[in-house]
1. For Asp32, Asp65, what's the fewest-to-most ordering of other Cβ within 10 Å of each Cβ?
2. Using Cα atoms only, what is the angle between the long axis of helix 12-27 and the major principal axis of the chain, expressed in degrees (0 to 90) to the nearest 10?
3. Quickly work out the Arg19-to-Trp68 label distance, labels modelled 7 Å from Cα along the C-beta direction, and quote it in nm with one decimal.
4. Measure nothing fancy, just the Cα-based angle from helix 78-90's long axis to the longest principal axis of the chain, in degrees from 0 to 90, nearest 10.
5. Rounded to a whole number, what is D in µm²/s for the chain from Stokes-Einstein with the Kirkwood radius over alpha-carbon pairs (10 °C, 1.306 mPa s)?
6. Let me have the 222 nm mean residue ellipticity of the chain computed from DSSP H runs of 4+ only, each contributing -39500 (n - 2.57), with the sum over all residues rounded to the nearest 500.
7. If the cut-off is a Cα-Cα distance under 20 Å, which lysines reach Lys17, setting aside same-chain residues fewer than 8 apart in sequence?
8. Select from Ser84, Ala8, Leu130 the residue farthest towards the positive end of the dipole of the chain; place +1 on Cβ of Lys and Arg, -1 on Cβ of Asp and Glu, and compute about the Cα centre.
Amino acid sequence: MPEIKEVAELSEEIDNKMRDDLVRYESTHGIDVNHRRFALILTDDVGEVIGVLNAFTAFAEIYVDDMWVDSCHRGEGYGRKLLSKLEELYKGKGFNNINLCTNTFNAPEFYKKCGFELEFTRINKKNPKLTKYFFVKFFDDEVQTQGIAKGA
C-alpha cells in the first residue's frame, strides 16, 4: 500500500529523480522548466548585509520568494533598489515577467509604487492581515525565449 509522509527537506537523490523526470516530461511539450534559485544580497559601505531578495526562475518567469531589508534601514529605498536590480538583471533576457505575492501587513502599496500590477487578491476572512496580493510586472521585451525547449 503506498504511504505518504511529510519531510522537512528532500534528499538529493529524490530531488534529482523528480527534477530529471519533470524535465523529460516538460521537454515532450516543447517546454524548458528553466528552474534556478538565486538571491540578491545588499551590503552597506562596510560589507554588512542589510538586505536580501530570494527568487527563482521557472519557465519564462521570475518569482520573488521573499525580500528582507534590515529593520535599521527600512524606509531608505533599499527594497526598491533590490527590485530594480532584479529587473535590470533579467530585462532583455527573454523572460516574460516578475511575480510576487505579499500580505496586507507587508505594504502591498509599496509594490504598486515599484511598477507592479495587482493581478488578484485572495481574501483571508478570518485574519484580514493575511489577505494575499498577487503582483506581476511584465517585461517590455518583444521576444520571449525562456521556457522554450531547445529545438522546439
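1. Values: Asp32 18, Asp65 12.
Arranged by neighbour count, lowest to highest, Asp32, Asp65 become Asp65, Asp32.
2. Taking the Cα atoms of the chain, the angle to 12-27 is about 80 degrees.
3. 2.3 nm
4. Taking Cα atoms only, the helix is inclined about 40 degrees.
5. Numbers: Rh = 17.8 Å.
Translational D for this selection: 89 µm²/s.
6. Values: 3 runs with 35 residues, N = 152.
Mean residue ellipticity at 222 nm (helix-derived): -7000 deg cm²/dmol.
7. Result set, ordered by chain and number: Lys5.
8. Leu130
The numbers here are math on the coordinates, done by the rules we state, and not lab data. Treat the numbers as computed from the prediction; the structure is a model and nothing was measured. Quick reminder, even Gly has a Cβ in these numbers, built from the backbone with ideal geometry, and neighbours come from all protein chains shown.
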